[in-house]
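The structure appears below as structure tokens.
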2 protein chains.
Amino acid sequence: MQGDTVRCMHHSRVYALLIDTPEAEAAPAAAFWSAALGATARPVSQEPQFTRLDQALPGLVAVVQAVDDAPRFHLDIETDDVTAETARLLALGAVQVSQWLECRVLRAPGGHLLCVIPVHSDSGVFLAQATRWP
Amino acid sequence: MQGDTVRCMHHSRVYALLIDTPEAEAAPAAAFWSAALGATARPVSQEPQFTRLDQALPGLVAVVQAVDDAPRFHLDIETDDVTAETARLLALGAVQVSQWLECRVLRAPGGHLLCVIPVHSDSGVFLAQATRWP
């Protein structure tokens, strides 16, 4: 008799593009991107560092985030298993920079930031569009 | 008799997210993002600085670009009138940094880069998805 094999699959997809902006410039940056992309800027309750730009990008959530850092963009990858997705990306060469609540902040080969976060989108959208990883 | 009014309208939409990477790290960065996002990496003929990541992002073209600069992302905005679109974005507070072929490189309030480029996508896709600006 062969031993049982436990197969753990998880899913992920790119959820959002974050426009990370030095705090003092976050408001004018949000106003610019809102007008530039024809998107309504909407504050996020309980999280004043975020301004959502509704319908700014096709297929992706766009958010201006006030940060204590130089201007940068980063991608949020949503997943039904943050630990497994983080391990997958570390095995591909990313390095973990920090952890913020449930978000794991990674730096990719080449120097760009990405965050691994729990599923944020509607579960139907997520399952229809996510990639399944073995 | 009232004077004739000349109304010039143009259209634009976000076309691509560029993952700008220091030249020495561009190949490993393309390999990472290809595997991370489950996308096929494809060189662009005649333009060796670009590696397309097919189907990496929903609704946006994703490209790794080798650059002589720090790691950064930028957005490409395609338009049927580069001059008018550039003028619109400058009026919103962007500053022109440089010009590369037909691409105008701008810096947005908050410090992020974007490029205004001629229409690159299929004209049907462009007209269906672009915003019309007065």
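The values are calculated or read from the model by the stated rules, or taken from the named source; none is laboratory data. All of these numbers come straight from a predicted model, not from anything done at the bench. Here the Cβ positions follow ideal geometry from the backbone for every residue, glycine too, while neighbour counts run over all protein chains shown. Only protein heavy atoms, including side chains, enter the accessible area calculation; ligands, DNA and RNA are left aside. Shrake-Rupley method; radii C 1.70, N 1.55, O 1.52, S 1.80 Å.
Laid out as a table, the results:
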| read-out | value |
| --- | --- |
| Whole-angstrom gap from segment B:15-42 to segment A:9-53, using each part's C-alpha centre | 23 |
| Cα coordinate range in chain B, projected on the principal axes (Å, largest first) | 66, 31, 27 |
| Within segment B:18-129, percent of DSSP bridges classed antiparallel, to nearest 5 | 65 |
| Computed over chain B: relative contact order in percent, which uses C-alpha pairs under 8 Å that are six or more apart | 30 |
| Charged-residue dipole, Cβ positions (Lys, Arg, Asp, Glu), chain A about Cα centre, Debye nearest 20 | 360 |
| Chain A, helix-only ellipticity at 222 nm - DSSP H runs n ≥ 4, -39,500 (n - 2.57), divided by all residues, nearest 500 | -6500 deg cm²/dmol |
| Amide proton proximity set for B:Ser12, modelled H, under 5 Å, gap of 5+ | B:Thr131, B:Trp133 |
| Degrees separating the helix B:82-91 axis from the principal Cα axis of chain B, which is the longest one | 80 |
| Apportionment of accessible area to carbon and sulfur, chain A, percent (1.4 Å) | 52 |
| Solvent accessible area, Å² - B:Val95, 1.4 Å probe, full protein context | 90 |
| Most to least accessible of B:Thr131, A:Thr83 (protein chains only, probe 1.4 Å) | A:Thr83, B:Thr131 |
| Cβ-vector label at 7 Å, B:Pro22, separations to other copies in nm | 2.2 |
| Convex hull of segment A:41-83 built on C-alpha atoms - directionally averaged projected area, nm² | 4.4 |
| Per-copy distances of the A:Trp133 label point, shortest first, in nm (7 angstrom along Cα→Cβ) | 3.8 |
| Separation of alpha-carbon centers, segment A:110-134 and segment B:59-134, rounded to whole Å | 26 |
| Directionally averaged shadow of the protein assembly as shown, computed from the convex hull of its alpha-carbon atoms, nm² | 18.7 |
| Fraction of antiparallel bridges per DSSP, the protein assembly as shown only, in percent to nearest 5 | 70 |
| Residue-normalised accessible area of the protein assembly as shown, given per residue in Å² at a 1.4 Å probe | 51 |
| Chains B and A together, accessible area buried on both sides, 1.4 angstrom probe, square angstrom | 2900 |
| Acute angle (nearest 10 degrees) that the helix B:26-37 long axis makes with the longest principal axis of chain B, alpha-carbon atoms | 80 |
| Label spacing, shortest first and in nm, from B:Ser45 to its equivalents in the remaining copies (7 angstrom along Cα→Cβ) | 5.5 |
| Charged-residue dipole, Cβ positions (Lys, Arg, Asp, Glu), segment A:65-131 about Cα centre, Debye nearest 20 | 300 |
